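S.K.: Following this message is one structure expressed as structure tokens.
The values are calculated or read from the model by the stated rules, or taken from the named source; none is laboratory data. As the structure is a prediction and not an experimental result, all values here were calculated from the model. When we count neighbours, we look across all protein chains shown, and the Cβ atoms used for this are built from the backbone with ideal geometry, even at glycine.
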Amino acid sequence: MFFAVWAKNRCELFVNEADQPSPAPGVTLRSAGLGDLDALVALETAAFVGDRVSRRSFRHLLTRGHASSWVAEAAGTMLGYVTVLFSRGTSMARIYSIAVAPEARGRGVGRLLLAAAEDAARDHECSQVRLEVRQDNPEAIRLYEGAGYRRFGMVADYYEDHAAALRLSKPLARQLGLDMVRVPYYAQSTDFTCGPAALMMAMATHEPDLVLDRKLELRLWREATTIFMTSGHGGCGPYGLALAAWKRGFGVRVYVNEQGPLLLDSVRTPDKKEVMRLVQEDMLEELEALGIPLHHRAVGPDELERLSAAGGIALVLISSYRIYGERFPHWVVVTGFDSGYIHMHDPYIDVANGETFADCINMPVLRREFAAMARYGRSGLKAVVMVYPYRAGATAGA
């Protein structure tokens, strides 16, 4: 979800600035540019022994990276820098790296850079900033926690020397009317099981003792798959996911803005289209026979919030393009709402780009952005599966 991540996210100041109310006089901030490349590399070399940002990475961050970099300087000398990354589709920012020159330590430069990163995140309409810091760096941890950051996870063996990293986050705006459900997180273990993984999270919210493992994940996929979708293994549509939940005793409601078999235009081979059509027609007949409510209309953010308030957990089909830059259908789980954002668990962890589960839980997305991403394909398919606690909840939130 975050771009331009080549080295470990590293927010190691190795300075004691927690008691510094403001930087020394004469220290100014400005946006970094390519003309700062040599100075940035030199500062990086002076400040750190390992886990350094390379010259190539700095160049990318300053030109094509979805990022913002700021430098602190005095009398024309660079005293420190900070780089913050922005997610393409969500409203999270990540402080990728922050460094202070050895001769400038203890002057409040780190605090100034931290504030600059947060201001940049607000300018990008982000609601939250996250960062990683060495678990054995108490000075930096004290600075961040003093600035309002709170711990929410740990990653073992994160740095080159195998040290662990603490994960910290800070909300940037007062979240009015925050309504967050404690949804357990489960990461999909294959490229084609986002739907089952999302359904597992919803079911475990209502049934905390449910064991979430690959056996259940693949069993749900076998039950819910449409056989073919785009390429490779088949994906799961709303009809199959709804049936799988219903057969396990949960209440279900399905909302789609199209009628009949879905996503047929995602495959080109006539034989595949025919298989998908027959499988989904069979699912539709079963939905009707079981009396599972099926509504042929879209659900907007406001109605989604109302349905969730009635006790349902929403599985929403999105286009991954607005997050990952690739066009494929993808299921996520809605975990909460506030005045400006919808929060979601994304079952996909982009390990190749350095993500862990902590990057994919309760991801804040602007409501208008969520409405834009909650559709797929040329037809603009919109699909939501509401999962309620057992059959008695099937009529809730109609």
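To keep it simple, each residue is scored yes or no on (1) at pLDDT 90 or above; (2) outside any strand (DSSP E or B).
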| site | (1), (2) |
| --- | --- |
| Glu288 | yes, yes |
| Ala298 | yes, yes |
| Leu317 | yes, no |
| Val332 | yes, no |
| Ser379 | no, yes |
| Val387 | yes, no |
| Gly397 | no, yes |
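S.K.: Can you name every one of the strands (runs of 3 or more DSSP E) wholly within the range 26-143 that holds 2 or more residues which are of a type outside the set (A, V, I, L, M), under 23 Å from the mean Cα position of the chain (by Cα) and surrounded by fewer than 19 Cβ atoms within 10 Å (Cβ to Cβ)?
M.R.: Correct list: empty, since no element meets the threshold.
S.K.: Something else: Can you give me the number of residues within the range 156-197 that are out of contact with any Phe, Trp or Tyr (no Cβ under 9 Å at 6 or more places or on another chain), closer than 21 Å to Leu307 by Cα and at pLDDT below 90?
M.R.: 3
S.K.: Being assigned to a helix (DSSP H, G or I) and crowded, with 24+ Cβ neighbours inside 10 Å is the filter here, so list the residues in the range 217-243 that pass it.
M.R.: Leu220, Trp221, Ala224, Pro238, Tyr239, Gly240, Leu241, Ala242 - these are the residues of the range 217-243 that are assigned to a helix (DSSP H, G or I) and crowded, with 24+ Cβ neighbours inside 10 Å.
S.K.: Ok, one more. Does Ser320 meet the test of being among the hydroxyl-bearing types (Ser, Thr, Tyr), surrounded by 15 or more Cβ atoms within 10 Å (Cβ to Cβ) and free of Cβ contacts under 8 Å to residues at least 40 places away in the same chain?
M.R.: Judged against the criteria, Ser320 is a match.
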